[in-house]
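Below: the structure, in C-alpha cells.
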Amino acid sequence: QVQLVESGGGLVQPGGSLRLSCVGSGSSLDQFTVGWFRQAPGKEREGVSGISWRDLRSYYADSVKGRFAISRDNAKQTVYLEMNDLKLEDTAVYYCGVCPPHYRCSTLGPEQYNWWGQGTQVTVSS
C-alpha cells in the first residue's frame, strides 16, 4: 500500500503563496497519477490538480489555472503544489491521493483516487 503525508499548509494573506508537499512511503508512487484535492467546511471534496507519473502531464481545475503549479520528484517520492496569488476561496484542507493505472485520473474526480493522506490546512485570511 501507499501511505501519503501532506505538509506545508498554514495561514497566509490574500495574494500570498504556499508550497504544499505530499510524500509517499510504502509502495512507490511510480505508475500512479497523484492529485491534489481540497475540502472546505460544508463542501464536497474537489479536485485541484493532478500529475501523471511518466510523462508528467498535468491538469488543473479552472479555479486555480494560472495560479497553482504541480510538480513531482519521483526520486524523492514527493509531489508538490505551489500555490500563488491565494484567494479567500482557496481556504480548505488540502489532500493528496493516488490514482491507479487505467483509471480516469485526469478527470480529478475523487472517486478515481484510492489512497489519501491526512490533509493539511490552508487558511487564506487578512
Calculate what fraction, in whole %, of the accessible area of segment 48-126 sits on carbon and sulfur atoms when a 1.4 Å probe is rolled over the protein chains.
-> 48 percent
What accessible area per residue comes out for the chain, rounded to a whole number of Å², with a 1.4 Å probe?
-> 51 Å²
Using a 1.4 angstrom probe and counting only protein chains, how large is the accessible area of Lys87 in Å², to 10?
-> 70 Å²
Using R₀ = 25 Å, calculate the FRET efficiency as 1/(1 + (r/R₀)^6) where r is the Cβ-Cβ separation of Asp73 and Ser125; round to 0.05.
-> 0.25
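The values are calculated or read from the model by the stated rules, or taken from the named source; none is laboratory data. None of the values given here were measured: they were computed from a predicted structure. Cβ atoms come from the backbone with ideal geometry, glycine included; neighbour counts cover every protein chain shown. Protein only, heavy atoms only, side chains kept; ligands, DNA and RNA dropped before computing areas. Shrake-Rupley method; radii C 1.70, N 1.55, O 1.52, S 1.80 Å.
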